[in-house]
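Data first, discussion second: the structure below is written as C-alpha cells.
The values are calculated or read from the model by the stated rules, or taken from the named source; none is laboratory data. Values in this document were obtained by computation on a predicted structure and should not be read as measured data. A quick note on method: Cβ atoms are made from the backbone with ideal geometry, for glycine too, and the neighbour counts reach across all protein chains shown. The area values use the complete protein model at the heavy-atom level, side chains included, leaving out ligands, DNA and RNA. Shrake-Rupley method; radii C 1.70, N 1.55, O 1.52, S 1.80 Å.
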Amino acid sequence: MTASPWRGHELGTRTVAYTERDAILYALAVGARADELDLVFEERLRVLPTFALTLAQWAPDALGVLGAFDTTTAVHGAQRLTVRQPLPRAGELTMTAHVAEVWDKGGAAVFDVEVHSEHFLATWSLFAPGGGGFGGERGPGSPRRPEAPADRRLTLATHREQAAQYRLLGDRHHMHIDPDAARAAGMPRPFLHGLCTLAALTLPAAGTLGAHPADLTDLEARFSAPVFPGDRLTAEAWDDGPGRLRIEASAHGHPVLTGVRTRFATAPTTFTASATRQQSPYEESSDA
C-alpha cells in the first residue's frame, strides 16, 4: 500500500479566543431556547461542547488552502468529537492539528484532520472527489443501521435563518448563504452546515435521556445528505448503554445523518427534557 504524501502533514498550532457572547450566540444558533438560562445567560452559562468545533474550523480550512483537495467539490463526510474537559465560559484555546490519515476510495480520497487541545479531540473526515487512486488503504466502511426496532423517536425542526446565523460562528463558506455558490457546489440552494444540524440533534438526544446537553462526552456521525434551512428531521434512536444513543436521522424520507453515536455523562441533571417544553423547536417521543 502507498501512503498519501499528505498523511501526517502538520497544520500547525493556533490559539483562538472567544467570549461568553460567542458561546451564547452559538447555543441560540443550534436551537437553544431563551428560557434555557444555563445555555444562554452568562450568569449560569454552561458551554455546549460542540462549540469547540467552530473554534477548530481553521484546521480543515487550512488543509484546503494548502491545495490538498479542490475546495469547491470536497464535502464534509463525517465528524468525531471526544470531550476531555468542559469548555470555560470564555477565554483562549490553544489547538494543534495534523492530517491523521488519508484513505483511498478509488475515485476520491478521505482526509482525516485531527485537532487536539486540552479540552477536546476533534476529527474531520473530508471527502475529496478526484483525490484517490494513489494505492492507499480504503479505510473503514459505513456503520450499519441497527436491525432492531428503535427505542425512541426524535423530531428536530430547523428554521430558515439558521444557516445565516450559524455561519457567523466561524464557518463562512459561501455555499451556506450564497445561492450562486450553492449551485456551483451542486446544490439547488444554500444548505445548512452539517455541524449545525449535528449539534442541534444533540439537544433532543440529551433531553430524551434526561441529560444536560453540556454533559456530552462523545459524538460521531456521518453526513449522508444536505439539510436545508426549514427542513424538519425525524430520527430513530437506539439505547446503547448508560447515557448512550445510536441515531439515524432523515429529512423528507432520505437519510441525512447516519451512524450517529452520542454519549452523555450520566450524573443527575436539572435540565428539562425537550418533550416537556412548550413550542419547542424539537420534540421527542418514545416507543419504549
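Structure values in brief
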quantity: Residue ID - least open to solvent (accessible area, probe 1.4 Å), chosen from residues in the range 147-188 that are among the acidic types (D, E) and part of a loop (DSSP other than H, G, I, E, B); calculated: D171
quantity: Which listed residue is under 18 Å from S250 (Cα atoms) and among the acidic types (D, E), from D215, D231, D239; calculated: D231
quantity: Residues (at pLDDT below 95 and of a type in the set (S, T, N, Q)) located in the range 58-80; calculated: T71, T72, T73
quantity: The range 86-102, subset farther than 26 Å from R222 by Cα and among the charged types (D, E, K, R), residue most open to solvent (accessible area, probe 1.4 Å); calculated: E92
quantity: Top-ranked residue of the range 120-137 - restricted to ones that are assigned to a strand (DSSP E or B) and not hydrophobic (A, V, I, L, M, F, W, C), ranked as nearest to S224 (Cα to Cα); calculated: S125
quantity: Long-range neighbours under 9 Å by Cβ, at least six apart or interchain, first residue more than 12 Å from R152 (Cβ to Cβ) within the range 238-260, second of a type in the set (D, E) and not in a strand (DSSP E or B); calculated: G243/D215; A251/D231; H252/D231; V256/D231
quantity: Positions within the range 225-244 being within 16 Å of R144 (Cβ to Cβ) and either aliphatic (A, V, I, L, M) or assigned to a strand (DSSP E or B) (or both), in sequence order; calculated: E236, A237, W238
quantity: Selection within the range 124-135 - buried (at least 19 other Cβ atoms within 10 Å of the Cβ) and out of contact with any Pro (no Cβ under 8 Å at 6 or more places or on another chain); calculated: S125, F127, A128, G131, G132
quantity: Every residue from the range 17-38 that is open to solvent by 30 Å² or more (accessible area, probe 1.4 Å) and touching a strand residue (DSSP E or B) at 6+ places or on another chain (Cβ under 8 Å); calculated: A17
quantity: Strands (runs of 3 or more DSSP E) within the range 65-119 that include 2 or more residues under 20 Å from T202 (Cβ atoms) and in contact with a His (Cβ under 6 Å, 6 or more places away or on another chain); calculated: none
quantity: Yes/no for V83 being of a type in the set (V, I, T), crowded, with 19+ Cβ neighbours inside 10 Å and touching a residue at least 12 places away in the same chain (Cβ under 8 Å); calculated: yes
quantity: Residue within the range 231-251 that is open to solvent by 30 Å² or more (accessible area, probe 1.4 Å), of a type in the set (V, I, T) and at pLDDT 95 or above present; calculated: yes
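The rows are residues; the columns are (1) β-branched (V, I, T); (2) out of contact with any Leu (no Cβ under 7 Å at 6 or more places or on another chain); (3) crowded, with 20+ Cβ neighbours inside 10 Å.
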site: V47; (1), (2), (3): yes, no, yes
site: G64; (1), (2), (3): no, yes, no
site: H76; (1), (2), (3): no, no, no
site: G107; (1), (2), (3): no, yes, no
